[in-house]
1. Test each condition in (1) within 16 Å of ligand 1 (Cβ to nearest atom); (2) surrounded by fewer than 21 Cβ atoms within 10 Å (Cβ to Cβ); (3) of a type outside the set (A, V, I, L, M, F, W, C) for B:Arg204 and report the one that comes out false.
2. Taking A:Tyr358, is it among the hydroxyl-bearing types (Ser, Thr, Tyr) and closer than 22 Å to A:Phe97 by Cα?
3. Considering only residues that are at pLDDT 95 or above, at the interface with chain A (Cβ under 8 Å from one of its Cβ atoms) and within 16 Å of ligand 1 (Cβ to nearest atom), which ones fall in region B:79-90?
4. With the structure loaded, tell me whether A:Val95 is out of contact with any Lys or Arg (no Cβ under 8 Å at 6 or more places or on another chain) and either at pLDDT 85 or above or surrounded by fewer than 22 Cβ atoms within 10 Å (Cβ to Cβ) (or both) or whether it fails that test.
5. Scan region B:69-78 and tell me whether some residue there is more than 8 Å from chain A (Cβ to nearest Cβ), within 16 Å of ligand 1 (Cβ to nearest atom) and touching an Asp or Glu at 6+ places or on another chain (Cβ under 8 Å).
6. Look through A:Val144, A:Val138, A:Val88, A:Val151 and report the one residue that is open to solvent by 20 Å² or more (accessible area, probe 1.4 Å), of a type in the set (A, V, I, L, M, F, W, C) and under 23 Å from A:Ser316 (Cβ atoms).
7. Mind checking whether some residue in region B:141-148 is closer than 30 Å to B:His198 by Cα, within 9 Å of chain A (Cβ to nearest Cβ) and in contact (Cβ under 8 Å) with a residue 24 or more places away in the chain?
8. Just to be sure before I move on: is B:Leu104 more than 13 Å from every other protein chain (Cβ to nearest Cβ), more than 15 Å from ligand 1 (Cβ to nearest atom) and touching a helix residue (DSSP H, G or I) at 6+ places or on another chain (Cβ under 7 Å) in the structure I sent?
Amino acid sequence: MAAPSAAGPSAPAGVARPPPPRPGGARAWLRASLFGSPSSAAATLLLLAGLAWLLPRALDWLLFRAVFRADYEACRALEYTGACWGFVAEKHRLVLFGRYPWGEHWRPLLATLILVATLALSGHPRAWRRGLLAVWAVALAAFVLLMRGGVLGLSRVESGSWGGLPLTIILTVVAMAASLPLGIGLALGRRSRLPLLRAVSTLYIELVRGVPLITVLFVASFLFPLLLPAGLRLDALGRVALGMTLFQAAYMAEVVRAGLQALPRGQGEAAAALGLSTWQAQRRVILPQALLLVIPNFVNSLLSTFLDTSLVTVVSIYDLTGALRLALGDPLWRNFFLEGYLFVAAIYFTCCLAMSRYSRWLEGRLSSGRRR
Amino acid sequence: MAEPIIQLTGVNKWFGSFHVLRDVDLSVAAGERIVVCGPSGSGKSTLIRCINGLEEHQEGRIVVDGVELTDELGSVDRVRREVGMVFQQWNLFPHLTALENLTLAPTQVLKLPRAEAEERAREQLRRVHIERHADKYPGQLSGGEQQRVAIARALCMQPRIMLFDEPTSALDPEMVKEVLDAMLELAQGGMTMLVVTHEMGFARSVADRVVFMDQGRIVEQKAPREFFGNPEHERTRDFLAKVLPR
Ligand SMILES: Nc1ncnc2c1ncn2[C@@H]1O[C@H](COP(=O)(O)OP(=O)(O)OP(=O)(O)O)[C@@H](O)[C@H]1O
Ligand SMILES: [Mg+2]
């Protein structure tokens, strides 16, 4: 056997070595991705030109000429050549908390922080265990206690006076959490072997998905009081939460069904062959896998529900957008609606960005987790 | 002969208008090892899936360990208590570890306490020589290991009968032997086995009887010596010519 000629830079053939370096680095990447062909070069130039025109003007309006003080006269003097962030400075508490009594704003603030913290805690797969339900029960109880008061020396504030961000978040959380079990039931019903159950589930899902949320909200606010028995009287907020839940359940059912369908048939057959009942098989074998598969879709629905809550203003519930309209009701400041909407949009955007980043992180983690 | 543990009489089944099982009569004694073979699509899987009620038959009678499979609630459950099944694609539950795969049915169906179920599971894993992988997830195991876990999982329910549907045909060649060895050990322990397989070596050395199916019918059933040495029917000879190495 021949000894290797020299321990030089060229390794003997057949021995594993690292791949050759990719040519060029950042510069080559820029060239290839932005100026790869005449048409892509043209598009790049056009976009750059557009940005060059837009950016200075936008920055000018947003920042350089803007007024940041809650100074109405200074804002008026701008004559709309710059943003009047004074509106936000003046009205942000109204936008964030609606008609909640001014002196008690620490309560909705704390309640919101509790919900957000619980949400963040629930995001990590390590937290997905039975105890999480208890944590949520405590968080929700704390939320209601803080918001409504009437005990522990807190003044009583009826839900009709709740508003702004805490309302947006609690509606989202309740609609999502309550629609999940309903959606699972509907999805299983739709795949059931019992014809009546299947028909009812399918009918419900298709019916609700064929109706806009706004209609459901009107029905919930004006028809539920007539339909529900007197003992089950819900306040306006409760009715809207119920309406959103029933609406969301139909979509949740389809999300869950996609997961159920993605599982190989052999899983159910293996469970049946072992003697598990249909219910045991669903609970222990099918659902855990199906739900894990659809977590990214679930986060997507969370995102759209969060945005959909803005529709509740049509039935006089003052969520974040509704509270903004309250703020714009002030004749002095009403001309600065653009700044107001930008402020609210920034809040929605920040939340949605966080959720979609989270969804991507989770997808990566779950898909690598499955190959553990 | 003693009362057969599996008795099929005049079984017929259709998928839509397709007649997949035709007048099947089969009788299996306790402790017997039966290999079922035949060309693809001849109804082998359907036949053994009817025996534990994964498929429903439309005509005829299937009696397993004294229980007839009927529409009546509970008859399927009672039959499944006595019958274990191993699939071609092993069908382990990927979200559970090997050990959890084994303890699921004993804790859920038999309501065994966890400790007892785990003890039973470890014993079965030992039996198929895979004990050290108890805490791994199916995705971390090779095909042969997964199939042995699947066998152990079925055995945890202490069935009197084991059904195998092509347990080795999805495996790489070097893993076939470890699974066949596990099945051989099981056969030597006196288990009643119904095995759909193309492993003619296994049929020759383990089976008491080989059942040959074609187009939904049982064409012939014989002891392996006779089956391989002296096949009666044209179809059987054709089939053997294809699957046996010359
Ligand atoms: N669920 C079903 N619906 C309709 N037809 C089916 C179904 N399952 C099986 N068949 C058909 O019934 C016939 C017998 O199928 P079966 O799986 O029992 O054959 P097999 O002998 O096991 O074949 P293979 O060796 O390919 O596994 C095939 O023609 C198949 O296409
Ligand atoms: Mg088959």
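The values are calculated or read from the model by the stated rules, or taken from the named source; none is laboratory data. From a predicted model like this one, the values you see are computed outputs, not experimental measurements. When we count neighbours, we look across all protein chains shown, and the Cβ atoms used for this are built from the backbone with ideal geometry, even at glycine. We work out accessible area using only protein heavy atoms, side chains counted, and drop any ligands, DNA or RNA first. Shrake-Rupley method; radii C 1.70, N 1.55, O 1.52, S 1.80 Å.
1. Result: B:Arg204 passes all but (1).
2. On the way: among the hydroxyl-bearing types (Ser, Thr, Tyr): yes; closer than 22 Å to A:Phe97 by Cα: no.
So A:Tyr358 fails the test.
3. Answer for region B:79-90, where residues must be at pLDDT 95 or above, at the interface with chain A (Cβ under 8 Å from one of its Cβ atoms) and within 16 Å of ligand 1 (Cβ to nearest atom): B:Met85, B:Phe87.
4. Working: out of contact with any Lys or Arg (no Cβ under 8 Å at 6 or more places or on another chain): yes; either at pLDDT 85 or above or surrounded by fewer than 22 Cβ atoms within 10 Å (Cβ to Cβ) (or both): no.
Spelling it out, it is not the case that A:Val95 is out of contact with any Lys or Arg (no Cβ under 8 Å at 6 or more places or on another chain) and either at pLDDT 85 or above or surrounded by fewer than 22 Cβ atoms within 10 Å (Cβ to Cβ) (or both).
5. Initial filter on region B:69-78 (more than 8 Å from chain A (Cβ to nearest Cβ)): B:69-76, B:78.
Remaining after also requiring within 16 Å of ligand 1 (Cβ to nearest atom): none.
Checked against the condition, which is being more than 8 Å from chain A (Cβ to nearest Cβ), within 16 Å of ligand 1 (Cβ to nearest atom) and touching an Asp or Glu at 6+ places or on another chain (Cβ under 8 Å), region B:69-78 yields no hits at all.
6. Values: A:Val138 fails: under 23 Å from A:Ser316 (Cβ atoms); A:Val88 fails: under 23 Å from A:Ser316 (Cβ atoms); A:Val151 fails: under 23 Å from A:Ser316 (Cβ atoms).
From the options A:Val144, A:Val138, A:Val88, A:Val151, the qualifying one is A:Val144.
7. Initially, region B:141-148 is screened for residues closer than 30 Å to B:His198 by Cα, giving B:141-148.
Still in the list and also within 9 Å of chain A (Cβ to nearest Cβ): none.
No, the conditions are met nowhere in region B:141-148.
8. Numbers: more than 13 Å from every other protein chain (Cβ to nearest Cβ): no; more than 15 Å from ligand 1 (Cβ to nearest atom): yes; touching a helix residue (DSSP H, G or I) at 6+ places or on another chain (Cβ under 7 Å): yes.
For B:Leu104, the condition - more than 13 Å from every other protein chain (Cβ to nearest Cβ), more than 15 Å from ligand 1 (Cβ to nearest atom) and touching a helix residue (DSSP H, G or I) at 6+ places or on another chain (Cβ under 7 Å) - is not met.
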